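S.K.: Take a look at the following structure, please.
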Amino acid sequence: MNLHGRPTSHELLDAVAGLLRDQLSEQVEAPMRHQVRIAVHALEIVARELALGPGQEAAHRSGLAALGFQDDASLAEAIRAGRVEDGPDLRRFLREDTRARLLVANPKWLPADSD
């Protein structure tokens, strides 16, 4: 159920990105065309974050807790200070976290076999 009805936020983002990408980009000069592409990419990132973010956030918090940390800053400090074992659990967390971030930022950067 969607409290706000249609169009949904995702549908709105898709519509605006489609308008910019499929119609406007062809009608503007090259320097502005680049700016339009940047805007489309930004809208696509927002759409992916809305779709994936809540699940990713929960998994991230769970992964941090499993390692014994409350937030990224405390994990980063412990890594820098050498207080975290460089073992399979840490590597798995960092690999999964990086993959999750890339799924939002730009899934094209992920290797084809990363599923």
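Please treat every number below as a calculation from the coordinates, not as lab data. Values in this document were obtained by computation on a predicted structure and should not be read as measured data. Please note: Cβ atoms are built from the backbone with ideal geometry, for glycine as well, and neighbour counts cover all protein chains shown.
S.K.: If the Cβ limit is 8 Å and pairs must be 6+ apart or interchain, which residue in segment 10-24 that is among the charged types (D, E, K, R) pairs with which residue that is in a helix (DSSP H, G or I)?
M.R.: Close Cβ pairs satisfying both conditions: Asp14/Ala47; Arg21/Val36; Arg21/Arg37; Arg21/Val40.
S.K.: If you check Gly5, Gly55, Gly87, Gly82, which single one turns out to be within 18 Å of Pro107 (Cβ to Cβ), exposed (fewer than 11 other Cβ atoms within 10 Å of the Cβ) and of a type outside the set (A, V, I, L, M, F, W, C)?
M.R.: Gly55
S.K.: Could you figure out which of (1) in contact (Cβ under 8 Å) with a residue 24 or more places away in the chain; (2) not in a helix (DSSP H, G or I) isn't true of Phe69?
M.R.: Phe69 satisfies every listed condition except (1).
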